[in-house]
Amino acid sequence: MLRSLILAAAGNETVKRAVAGAPISREVVSRFVAGEGMDDAVRAARELSEQGLSASLDHLGEHTTDLAQAIAATETYIGLLERLAAEHLTPAAEVSIKLSAIGQGVDEDFAVERAREVCAAAERAGTTVTLDMEDHTTTDSTLRILEDLRTDHPSVGAVLQSYLRRTEADCEALTGLGSRVRLCKGAYAEPDEVAYQDKHDVDLSYVRCLNALMAGKGRPMIATHDPRLIAIAAERAARYGRVPDSWEYQMLYGTRPTEQQRLIELGHTVRVYVPFGQEWYGYLMRRLAERPANVSFFLRAVATKG
Ligand SMILES: Cc1cc2nc3c(=O)[nH]c(=O)nc-3n(C[C@H](O)[C@H](O)[C@H](O)COP(=O)(O)OP(=O)(O)OC[C@H]3O[C@@H](n4cnc5c(N)ncnc54)[C@H](O)[C@@H]3O)c2cc1C
């Protein structure tokens, strides 16, 4: 209920202006976002690397309708990849990209060309790109673009969301050699026709998908903060005889850092998803929607300022 309310508010322009303009928002944002500029992203990647953690850097922005903005986002990624390589932060740091930020909603072919430029820059930098997954209306297009990009850049990774009823089949289709798949629960408000509504069903689907990926030949990237799923992932990896660096855990910046460290100490690879940039509103709303504790953190911060 709270989740749907917040996700509905996320699409409301008036709410967006009020939240984005409130001075307190920046303070709250800094818990989940590395900062607004490229320097902040590079600093976060360096700090994580010093702690033995890998990173996936995400330049915030989505649903671009302006192609000039899509080109600017592409250039930011290319510049970032050059910086990461120059500072020897690759391959531990890679990038995550939302296709809607580089024009997917306007012209799919245009977005593919921009994505190709980012993939080529990542290759030059000695690292990889993962295509974030957005709402279900973009899933087919995103998987089509993934297939296209993987012809020249086989290391491009996908994201699959266990709340979608279709995802088990999508996982089966992406278990080939070298296929990098980030498995998450899914962060958007989706209708019953396409997505499980009950949390338990989403978790059961997650485990079925996890089994398929662990049994396959690709690289499962287990993106969750859920203690039960974290434990199941390790147990399945052992069952399928996986060596430690053939799969990884992923968590969000600012979320469960102690758990990230614990997993590292057990010998696992842990990658932290690090968002940066000025367009933090949609991202923040999804984080608030998935965890009531995040909402109370937000409200507490507002109350202390008041
Ligand atoms: C690296 C990464 C990349 C992602 N990329 C995408 C993407 O491309 N597309 C997309 O739709 N979604 C993406 N997501 C978001 C994802 O879909 C979920 O919305 C988000 O991860 C919350 O789900 P959860 O699995 O962590 O568990 P939840 O169902 O939110 O929580 C389950 C349990 O985990 C524990 N937990 C969760 N959060 C915390 C916390 N902050 N502190 C302590 N315990 C906690 C609690 O015990 C909780 O009951 C990504 C998530 C990660 C980690």
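Observations, loosely collected:
- For segment 167-242 versus segment 39-96, the gap between their alpha-carbon centres in whole angstrom: 25
- Using the Karplus relation 6.51 cos²θ - 1.76 cosθ + 1.60 with θ = phi - 60°, the per-residue 3J(HN,Hα) values for segment 151-163 come to 4, 9, 10, x, 8, 4, x, 10, 10, 10, 10, 5, 6 Hz, with x marking Gly and Pro.
- Amide H to amide H, with H built 1.01 Å from N, SER162 comes under 5 Å of CYS184, LYS185, GLY186, counting only residues 5 or more places away or on other chains.
- Measuring r between the beta carbons of GLU265 and LEU67 and using R0 = 51 Å, the FRET efficiency lands at 0.65.
- Viscosity 1.567 mPa s, 4 °C: Kirkwood-radius Stokes-Einstein D of the chain over Cα pairs, µm²/s: 66
- Rounded to 5, the percent of DSSP beta bridges in the chain classed as antiparallel: 5
- Less than 5 angstrom separates the built amide H of ALA55 from those of ALA93, GLU94, VAL272, all sequence-distant by 5 or more or on a different chain.
- Dmax and Rg, reported as Rg then Dmax, of segment 107-232 (C-alpha, Å): 14.7, 43
- The mean accessible area for residues of the chain, using a 1.4 Å probe and ignoring ligands and nucleic acids, is 45 Å² per residue.
- Close lysine pairs were tallied over the chain: pairs 8 or more places apart or on different chains with Cα atoms under 28 Å apart number 9.
- Accessible-area composition of the chain, carbon plus sulfur, in percent [1.4 Å probe]: 55
- The residue list CYS171, ALA187, SER205 was ranked by how far each Cα lies along the charge dipole of segment 150-234 toward its positive end, using unit charges on Cβ atoms, and CYS171 comes out on top.
- The chain - charge dipole about Cα centre, Lys and Arg +1 at Cβ, Asp and Glu -1, debye rounded to 20: 1100
- Virtual spin-label span in nm between ALA120 and ASP40, 7 Å along Cα→Cβ: 3.1
- For GLU36, nonlocal amide neighbours, meaning residues 5 or more places apart or on other chains whose placed amide H falls under 5 Å from its own, are GLY277.
- Between ARG180, ARG271, ARG239, the residue with the greatest mean-square fluctuation in the GNM of the chain (Cα pairs under 10 Å linked by springs) is ARG239.
The values are calculated or read from the model by the stated rules, or taken from the named source; none is laboratory data. Owing to the predicted nature of the structure, the values given are computational and were not obtained by experimental measurement. Neighbour counts are summed over all protein chains in view; Cβ atoms, including those assigned to glycine, are modelled from backbone coordinates with ideal geometry. For accessibility, only protein heavy atoms count, side chains too; no ligands or nucleic acids. Shrake-Rupley method; radii C 1.70, N 1.55, O 1.52, S 1.80 Å.
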